[in-house]
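Everything on this sheet refers to the single structure shown next.
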Protein chains: 2
Amino acid sequence: VSPDPQQLAGVLETVVYGDDIEAMVGFYGTALRLRRVGDIDELGASFRLPSGGMLLVFDAVQAARPGRTVPSHGTDGAGHVAFSVPPGTLDAWRRRLVDHGLEIEQDVEWGNASRSVYLRDPAGNSVELVDGDPWPA
Amino acid sequence: VSPDPQQLAGVLETVVYGDDIEAMVGFYGTALRLRRVGDIDELGASFRLPSGGMLLVFDAVQAARPGRTVPSHGTDGAGHVAFSVPPGTLDAWRRRLVDHGLEIEQDVEWGNASRSVYLRDPAGNSVELVDGDPWPA
């Protein structure tokens, strides 16, 4: 698809915050198998999705620090991110998560042949794995 | 690219929170020209990117309410989202934002032919528009 110059093309960076970066890297890098790019540092870690998008796992205190080289940000409370899984793999993903000792919070059939599995990351963020697309086109 | 069944494919949903949904819809829908799907309700509004990803603009109090049909979430403080712009359009986007009365917080050349413009949404979230890709492959 040729990009429409009048439209933003996509989301490049999505952020979740947590204060235990090692636990967060274990969750996103090991359990969810995201591919880390760059080093783990006091700010956190960054992961590249096959789609090209980035998931940033940041320490909110470090990210909110004034005087960074980029604008500051950082939140308290449970955020949310949903990942698309390759078609037909949600059951395998669910098994893998349970095998990692993770608890499935909810499993939802959307009624348009899409389905989501929800769990929490170590910081309490709501993480959703989706097969198909429950949203209007 | 054929999806690797062992890998999550991409980010489907990214969320930003704000308590003035009308102002948020003005920012994301009108100034950033994201395409809204579905209705605006007490929970917020949802936007589809050309890439297929969704940006959800939610009222944190409503999203964090217990007893929703899906797991609750909601944050305080400034979150962050970065959007990719079509190649070569960042100057046009910057002009459009300024024409909308929005203030550019920072304009950063990354040194690998990518460049970012930062601004704040009505809730204070840090919003970044990126031409190119500043991250390692």
- Query: Relative to the other copies, what are the label-point distances for A:R68, with labels 7 Å from Cα along the C-beta vector, expressed in nm at one decimal and sorted shortest first?
  - Reply: 2.4
- Query: At A:E103, with labels set 7 Å past Cα in the Cβ direction, how many nm apart are the copies from this one, shortest first?
  - Reply: 4.4
- Where in the range B:115-137 does the label zone of B:A23 land, with the point 7 angstrom along Cα→C-beta and an amide N cut-off under 13 Å? B:120-125
- Note on the structure: DSSP beta bridges in the protein assembly as shown: the antiparallel percent, rounded to 5, is 70 percent
- Task: Kindly give the distances from B:E42 to its copy-mates, label point to label point, with each label point 7 Å from Cα along Cα→Cβ, as nm values to one decimal ordered shortest first.
- Result: 4.4
- Query: Given the range B:1-122, what percent of its DSSP beta bridges are antiparallel, to the nearest 5?
  - Reply: 70 percent
- Query: So between A:D76 and A:D133, what do we pick up on full extension, going 0.36 nm a residue minus the alpha carbon distance?
  - Reply: 17.7 nm
- Reduced to Cα centres, the span from the range A:18-51 to the range A:63-137 in Å works out to 14 Å
- Within the set of other residues whose C-beta is less than 9 Å from the C-beta of A:P50, count the net charge using Lys and Arg as +1 and Asp and Glu as -1. +1
- Square roots of 5 times each gyration tensor eigenvalue, C-alpha, the range A:22-64, largest first, Å: 17, 12, 8
- Please tell me the relative contact order of the range A:23-71 in percent, rounded to the nearest whole number, where contacts are Cα pairs under 8 Å and at least six residues apart. 25 percent
- Summed buried accessible area for B+A [probe radius 1.4 Å, Å², rounded to 100]: 5300 Å²
- Task: Provide, in order from the shortest bin, the percent of all Cα-Cα pairs of the range A:18-137 in each 10 Å bin, continuing until the bin that contains the maximum pair distance.
- Result: 12, 42, 33, 12, 2
- Task: May I ask for the Kirkwood hydrodynamic radius of the protein assembly as shown, worked out over all distinct Cα pairs and given in angstroms to one decimal?
- Result: 18.8 Å
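The values are calculated or read from the model by the stated rules, or taken from the named source; none is laboratory data. In this text, all values refer to a predicted model and were calculated from it rather than measured experimentally. Neighbour counts run over all protein chains shown; Cβ positions are idealised from the backbone, glycine included. Calculation scope for accessible area: heavy atoms of the full protein, side chains included, ligands and nucleic acids excluded. Shrake-Rupley method; radii C 1.70, N 1.55, O 1.52, S 1.80 Å.
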